[in-house]
Structure formats: C-alpha cells, structure tokens
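Read the figures in this text as sums done on the coordinates, not as results from a lab. Everything quoted here is computed from the prediction, not taken from an experiment. All Cβ positions, even for glycine, are placed from backbone atoms using ideal geometry, and neighbour counts span all protein chains on display.
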C-alpha cells in the first residue's frame, strides 16, 4: 500500500481553485436573495445628529433600510477574551453595536444598512441616506491615546485604557539587574499597523426560513462553529440549534476571518425582518476600513548584557492599540500571545513586559498572521542584534552564547520560561548552524567587505525565532481569560464499503487540509488516499469545532482525528477477531487488514466495515456501525522555531532596499507534506517581508486613512522577493500523536526582523543602528543622510 | 465598487465621438482603455452621465512611420507600443517608457491617448512626450489641430484639450538617443520620479514627471548641460516639488536629481 505521510502530494483542492470553480460565499445565489449596502461614517469620531432614511426607503428596488433605531442586536458583538487590569479592575468592555447609534468611533463604522433587489440599487439608495454628523477630534496612536486630554473613545471611562497587564519577573528586580548590567541596549519603535488583505473579501449571506423558523448563515470565516456560538449566544440571543453556519471555500484569512463581525449578526437579524435572504460582500475599500487590522504596538525596550554578551535582563513597556471596540480575540494578542514569547530562544534570567492597551478611534486590531508572536520576535531579534552591534560582537555569536541548550522533551524535560510557558522541544543551535551553511556566512562577509570598498551597501540579517502554536490547552487559556475552550473535534465515519468520511472542526482557507488530513488518515488506516474524503465548514455536517488559526489545525485538529482512528481500529479489531475466530490480542493491523500473527489468515478493512453495517454474524454485545467522534484538548502549546537570514543591498542613491537572498531553516516538527510546508513558509516570508519593507496602514491626525487602497498601501509582489532558499530540521513535538508543531505562521514571524537587521547591517558603518518599519526608500535614505 | 448609473454610447468614428462630446458637454466622459476612468467611476469619484467609448473607432489604434516622425493612434495600448517594431527602431525611449507602466493586464488595456488626456501628474508618458517634443493631435467640432507637448499639460489632471476635443494621435519625431528612468511608487508603481532624457546634437532635452503637479521640461538642466551629468543639480530649479506619504519635498527633489543624472549618464 502506498504511503503518503511525508510526501509532496499535490493539493486536491487546487483543481477547483485553478479552474475558478471554488465555492466561495459570493458565488452562492439563493432564490429571492436581496443585496445589502452599508452607509458608513466618513469620520473617525463624530456625533450622529440625525439620520434620514426616507428618500432611500422610497428609492427604486429598496426592500428595507435599517438604522440603530430599529432595535437590531441590542447586545452587540461580544469579545471572547478577558484581560483585567493589574489592579484587579475588570477589563473595560464597551458594547459593540451592530450599527452606530449616537456616536461614531472609527472611520467606516456602519450607520445604516440598505437592502435592495440588486447590489447596484442598494448602492444607489445608500447614497440617499442623509446622516448629519458633528465631527469630533480623534486619536489613532496608542501612546497618544493615553496622554492627558486625549479624546475619549468611550466617555463612560476616565481614560482610554481597556486594560493594562504585565508578565514575567518583578519589575524592580529587572530594573536592578539592568542598572548593574555591563551594557544596556535600548530600542524604541512602532510595530506598525497592517491590513490583512485576504484575497477574498469578507462575504456573508443570511437566510431566514420562515416556515422552519431556522437561519442559515453562509460566511467567509475561519471558524464556523465559533461564529454560530457568538452569533446565537451573545450577539442576537437566538437558539443555536436553529442556526446553521456554512463556510465552504474561503480565500485566505490571515486571522482577519476569525472574528465575529457586526455585519454577520446584522444580516442574520435583518433576514428575519424581511423574510428573505440577504447577501453582502465587502469591497476592497470597505475591507481596508473594516477588517480587523494587525500589530500597532508602540515599544520601548531595554536589554542588559554582561561583558561576554550574555543577556542578564530584559524590560519592555508597550502601548498596544486595540481600536474602537474589542474584537473577538483582541485582548489576547498583545498579552498572552505576545508576552509569553519574551523568552525567545534565549536563557534570559529576568524578563518583564508591561502593556498598556488603549482604545483608539480606528478599526479594531486583532490577530494577524502570527498574532503577538511576530511582535515579540521582532523585538527580541532586533534588540539582540542591536546589542551585538553596540558591543562589537557578531550577531550569530551573541545568539549562540544565549541559546537555550537542545532538549527533546522526552529524555530532557521541556524548558520552563520566565513568562509562564514550558517549551516542548527545541534545538536552536542546529537551525542556526544549518542556516549559516546554506548562506555561506564567511564568504558573504568577504563579499560584503569588498562591495563596501566599491561603495556598494550589502548587509545580512538574522532572526532565530520561536513561536507558540497548536492553540491551545483549554484549562491554560481559560485561566488566562479565554472565554472558550480551544480543543478540536474530529469525526471519522467509515462507510459500509470501507470508504472514509472525515469531519473536522478545523477550517481550511488556503491551508490544504483536504489533502494533508487525507494523507495521514490513509496511512493510519492503510487504505488509499482516494478512499478518504475530508469534510469541513458546515455546522450541520461537522459536530463541533473551534476552527483554524494559531497554526493549530494539524497539531490539534489532526490529533482529534487520530484519536477517532484509534477508536475505529479498536472496534474494528473486535469485529475482525470475530470474523477470524481469533483472539483480539493475536491480531495485528497493517496494510489495511487484520492478520492473525504468524499466519496468512486475515480480513480486510473493507470486510470489517461492511460487517459493522451488516451485522448478521457479529460479536455479541457490540454496537453496529463504525463511526467515532473525538475531542482533543492538547496538553501544551507546540513550539516551532527556526533561523531566517536575509541578504540585502541598499541603493546608496535612493535608499531602496533590494532583498537579494532569503534563507529559511525552520523546524515545524514532523512534516506531513513538504510541498505545503514550503508553500506556507514562502507565503509567510512574503508577508513578513511586506511588513519589513512595504506595508503600513496610516491614519492621519483626524483619523482619515491615507492608505485605503492599493494605490497607497504597498503589498509585496513576486518581483519584490528572491527565490526563498528553505530547509528544515525535524524535532518532533513530544506531546501530540503526529509529532507536528504547525507551519502556518512561522514565515511571517521569523522573516521581518531578519530583513530589518540586514538593512541595518548594510548601513551600520554609516552610523545607522535602527530603522522604523516599513523601510521605505525615503526612510532608509534619510537615515543614511544623518 | 459599483459606478453610478450612466449611459454608454459606442462611437464608430471620431466625428461621431466629437459631436457626442459636444452634445453632452460636461456630463460626458471619453472611454478609451478605461484604466483611469473606470476605477474613478467605481469609487464614484467620477459620475459621468454619458460614457462615450472611442475604443472601437477604426484606424485609431495604428502606429505608422511618416517621414521623420512616428504617428501613434490615441487608442494604441501600452503593450502595442512596447511590442512595436517601428517604435523600437525609431522612438526607443517610448518603448522604455511603456515598459514601466503597470503590469501586463494594465498595458493590454490602457492607451497612450487616455493616459495623456487624463494627465495624472505621476503618469509616465508626459516626461517622454515633453523630452521628445512630441505633438498631440486632437480633433474637436471646429476640426483638427496639433498641440505641442510643452503646451499640453496645464496642471494636475488638466490639459489644453477643449471640452469638445479628443486626442486622435500623438506624433513623435524620430529619436536616436534617449532614455527613460523611473523611481516606482511601491504601492501603485506610478512614478515618484520619471525622467526622460533625449540627446539632441550637443544638447539635451529633459522631461520630468511625478515631481511637480504638472510634468515639466527641466530647462535649467538643459541650459547647464555641457556633456556630463553635473547639470542634474538643476533638476528642480524653480519647481514647486510635490510632497506625499512616500516622498516628501526633500527626498523627491533628491530623487529628481539622481534620476536626471542617471539619464544624462546613460
């Protein structure tokens, strides 16, 4: 029987994607379906003085116009994570209304929904809604939001803080260690705000069936069951068993489609009001204004070293913007997904992170590919490189001096950090060593020296990262404020003919689950991959699930499927033993059949499956059928790691950065499909390079977005990138049955600081020691002039 | 991204297009390749009541050699210009310019006439038509006339075209030595700075786009030119330099000098 684990099996889903035959939400057309358009605020902060919908209501083809006055969703959309203030005060949690009532708190906030017979008519009518605003001063920068006299986002509180938080060792102890350190490196910067830019914009269809008194919500989400829960139990207060959430093909999410958005709830509510289905698909302009953004940290950090370059202490203060309302996972991102990675891959004995998280007059900030971990990695990898630069050390030498020694989590215990987590397994020396080989480090330094003499500016930058994936042990996250468990569900249904349907609560929006999950299911059952089908994305088909984010699908969702396979084989063995008239203990399962050890007597998986459903001659007391569902709650996070190396050349005339090489040696544990892992790394690296060199959401002082289209928001393109040279080491995860760690975010986490470190290295001899992202030609050129 | 309602009329001749333009006046817009107009309409920044499509008018998409000149129909796409043997041999600087515009999809639809009429201050062609001393051939209700490139661009999105006039062709003198250099805006890939340099005997003609709200001839550079690139220092003399999120006045001025220098040295 052909084995599939570890092979670059081509993606099953690509045939339909490449032919334009995917089934995205916007492709779905229901009978009697209407189309919605939103009236959105042109101001970041304003009083709504009046809303006049009369002209719109009478416009051609208009079915209904709703405003906040119509009583839609009085609860608003909820936040799924609670982080209280350090002094015990409860997190400030404003209601997030489905439509703004009295006050606008961010640009693009919806004031009214116009529902019409066609999209064109809805758009035309939306322009007829007259809203009278009184514009108010806005604050969009998280640090400025905490200054005295800053405009308040929510007037019921004295200042803009939603919460503050800290983690690690006692601050005074860390301060003392810094004061006596041989050298202290300081870094101040902004980890800039990014727009997620999924290729498919958000799209929803809500369909209320008046006869059945049931709702169906088709939605471009990463987690259909979670949306159903939040929609039913919180936003609308409607019965969960009467709501079906369907999410077939989804064109990318990068985090932005985890959250429960106001439009989902509002369409669901309005569909019952009008008794017809309603579709809304965001256009790109709306996506820039209303998809939750990422990052937005203002950082001040100090790291102390001893004479040899060993880190003795690390202290950081951050202002992390949350936007106007708390998005689903927003409070977790700058805290538990961020501060818990401050150990990095280093033995730093004293660490303290202090976070102030204010509201700002902007769209919400939430998880974006990496979610808190790229921000942590950027900080650590920049400050350690800056430390090396200041202490005249080689950036690889300082890393090697500070690495946590190798541990496999089996023979050697996991590594207990100063910031709550225990790493599962790691070998940080090995990935750096391999990365340096791939690069040809010594040769590069020679080339750099020669180039510099000719006036060319070459640089190399390193990043040795770790991330926490496989989110997450429910008890742990519960103790940290999560309002959900983060287990996963996997059902394996063996059909009477021995064909296998697998139902997973994970959700593929580009990852390739249909292929990868089928690979290991086929191997574990010893059957052809063609006999396995993976189903996801429909709450009426899949029992339950928590969806896909945090590089969790294989580590958590895959493990749930493995548990069900084990149950299938256990029950199958009972049936096989009966058929073979042998004791269960005398059987072994391999190559899709149970064999009596040491004999040629065997029975196939297909035979046993048929018997399970046609139980004429059957073990006594055993239930018919071969169908198991399992919940898997991981015992720990997983900790992928790696080394990323960038080589750049800077144009001395213009400051333009040319990324010449990118070397990635990652360790994501066991690899199911190398091609897909390579693709994930490449895509992640492209996004990380995008942050380093190109991307930034810019709001002006008044809260207007000046990067609201691709004319001004620079995305990385193929010709901005070199071919990515990638390799792997394999340190299996010791605590999940597949030994996998997750690969979805690694590229975006590791790459950004490598690129910035490389540019700083290229300019170091000109006295440049830091640069603000994105490294636009203008910024780089100006740094060179000073 | 849905435009307001509009009427669409497909013109079959230049005369018909001109008379439609005359009839509808300010309410009408001319559609050629649509790569400036349609995005503006989708964002409802532009709401013409009538769109007059000149895209299919016979004879307007032809490139011909006429004695010392090359005449390019206004409906020629950027890709057509890029692929044209006539242009490669006679006005290679224009081929270089077209190669920097957008991507293949844009170049397959966008036209030289449309781009010039739109007069985006960061568009590429203006630098080249200025440096080449090209002439813009236009037709209106009072017949045809030609406008020198140096008289054509009046300001941001503003040209010397009358309300009833459309561009029918652009006439380039044959250029033996010239080059176009561009610094791309990283998001839009329009020109932060675009510089066209044409060597003409012992002199030089320099067209600059992206730097000011109107593309210009860098006459101070031309006057100071004495065979080397030192004259590049004068690239923005007397020019009100634009400033935006990607390039402020100081950086843009510096880039203009760098790219004029590159052009003079090429």
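In the stretch A:7-70, what is the volume of the convex hull around the alpha carbon atoms, normalised per residue and reported in Å³?
220 Å³
Work out the FRET efficiency for residue A:86 and residue A:347 from their Cβ-Cβ distance, taking R0 = 22 Å, and round it to the nearest 0.05.
0.25
Taking the Cβ-Cβ separation of residue A:660 and residue A:614 as r and a Förster radius of 60 Å, what is the calculated FRET efficiency to the nearest 0.05?
On the way: r = 65 Å, r/R0 = 1.08.
Step by step, r from the Cβ atoms, then E = 0.40.
With the cut-off at 1.5 for a/c, could you classify the stretch A:625-776 from its C-alpha gyration tensor as rounded, prolate or oblate?
prolate
Using only the alpha-carbon atoms, how far is helix B:249-265 inclined from the longest principal axis of chain B? Give it as 0 to 90 degrees, nearest 10.
80 degrees
In whole percent, what relative contact order does the stretch B:19-59 give with Cα contacts below 8 Å and a gap of six or more residues?
So the answer I get is 47 percent.
If you count, for every residue in B:237-249, the Cβ atoms of partner chains within 10 Å of its Cβ, what is the mean?
Partner-chain Cβ atoms within 10 Å, mean over residues of B:237-249: 2.
Over all residues in B:187-197, what is the mean tally of Cβ atoms on other chains that come within 10 Å of each residue's Cβ?
Other-chain Cβ atoms within 10 Å of each residue's Cβ, averaged: 2.
What is the angle, in °, between the Cα long axis of helix B:14-24 and the longest principal axis of the Cα atoms in chain B? Nearest 10 is fine, range 0 to 90.
70 degrees
222 nm [θ] for chain A, helices only, -39500 (n - 2.57) per DSSP H run of 4+, per residue, to 500?
Calculated from helices alone, the mean residue ellipticity at 222 nm is -7500 deg cm²/dmol.
Hey, quick one: spin label on residue A:540, modelled 7 Å out along Cα-Cβ, who in the stretch A:1-30 has an amide N within reach, i.e. under 19 Å?
A:23-30
Looking at the stretch A:72-208 from every direction and averaging, what is the projected area of its Cα convex hull in nm²?
14.0 nm²
Run the numbers on chain A and let me know its relative contact order in percent, using alpha-carbon pairs under 8 Å that are six or more apart.
Value for chain A: 16 percent.
In which sequence would A:444, B:26 go, from the one with the fewest C-beta neighbours within 10 Å to the one with the most?
Details: A:444 17, B:26 8.
Exposure proxy ranking, most exposed first: B:26, A:444.
Modelling each spin label as a point 7 Å along the Cα-to-Cβ direction, I'd like the residue A:501/residue B:226 distance in nm, to one decimal.
Going by the 7 Å Cα→Cβ label model, 8.7 nm.
Would you mind checking the stretch B:163-201 for residues with the amide N under 12 Å from a putative spin-label position 7 Å along Cα→C-beta of residue B:266?
B:177-183, B:194-199
Got the relative contact order for the stretch A:119-274 handy, in percent, Cα pairs under 8 Å and 6 or more residues apart?
On the way: 143 pairs, mean separation 29.4, N = 156.
It comes to 19 percent, rounded to a whole number.
Compute the Cα gyration tensor for the stretch B:114-178, then decide on rounded, prolate or oblate, letting a ≥ b ≥ c be the square roots of its eigenvalues: rounded whenever a/c is under 1.5, prolate when a/b is larger than b/c in the other cases, and oblate in all that remain.
Judged from the Cα gyration tensor, the stretch B:114-178 comes out oblate (a/c at least 1.5, b/c at or above a/b).
With a bin width of 5 angstrom, please list the P(r) values of the stretch A:429-506 as percents of all Cα-Cα pairs, from the 0 bin to the one holding the largest distance.
Reading the bins upward from 0: 3, 10, 11, 9, 8, 8, 8, 9, 9, 8, 8, 5, 2, 1, 0.
Using only the Cα atoms of chain A, build the gyration tensor, take square roots of its eigenvalues as a ≥ b ≥ c, and label the shape rounded, prolate or oblate: rounded if a/c is under 1.5, else prolate if a/b is larger than b/c, else oblate.
Because a/c hits 1.5 or more and a/b fails to exceed b/c, chain A counts as oblate.
Over all directions, what mean area does the Cα convex hull of the stretch B:174-266 project, stated in square nanometres? Spell out each step's value before the answer.
Values: hull surface 23.1 nm².
Mean projected area for the stretch B:174-266: 5.8 nm², to one decimal.
Between residue B:1 and residue B:103, what length comes free when the chain is fully extended (0.36 nm per residue of separation minus the Cα-Cα distance, one decimal in nm)?
34.6 nm
Fewest to most neighbouring Cβ within 10 Å: what's the order for A:721, B:154?
Least crowded to most crowded, the residues run B:154, A:721.
Averaging over every viewing direction, what projected area does the convex hull of the Cα atoms of the stretch A:1-40 cover, in nm²?
6.5 nm²
Any chance you could run the full-extension gain for residue A:451 through residue A:479? It's 0.36 nm times the residue separation minus the Cα-Cα distance, nm to one decimal.
That works out to 4.6 nm of additional length.
Can you figure out the FRET efficiency of residue B:237 with residue A:623, using R₀ = 60 Å and their beta-carbon distance, to the nearest 0.05?
With a Förster radius of 60 Å, E is 0.10.
Using Cα-only point scatterers and the Debye equation, what is log10 of I(q)/I(0) for chain B at each q in 0.07, 0.09, 0.11, 0.16 Å⁻¹, rounded to two decimals?
Here log10 of I(q) over I(0) equals -0.23, -0.39, -0.58, -1.19.
If you build a Gaussian network model of chain B, linking Cα atoms that sit under 10 Å apart, which residue out of B:73, B:238, B:56 swings the most?
Largest GNM mean-square fluctuation: B:238.
Where does each of A:600, A:666 land when they are ranked from fewest to most other beta-carbon atoms within 10 angstrom?
Listing A:600, A:666 from fewest to most nearby Cβ atoms yields A:600, A:666.
Label residue A:442 and residue A:127 with points 7 Å out from Cα along Cα→Cβ: what is the distance between them in nm?
Distance between label points: 7.0 nm.
Can you tell me the convex hull volume per residue for the stretch A:486-578, based on C-alpha atoms, in Å³ to the nearest whole number?
In the stretch A:486-578, the Cα convex hull volume per residue is 92 Å³.
Would you please state which residues of the stretch A:334-358 a label at residue A:310 would reach in this model, taking the label point 7 Å out along Cα→Cβ and a backbone N cut-off of under 18 Å?
Those under the cut-off are A:343-351.
Could you give the nm distance between label points at residue A:233 and residue A:23, where each point is 7 Å from its Cα heading toward the beta carbon?
2.8 nm
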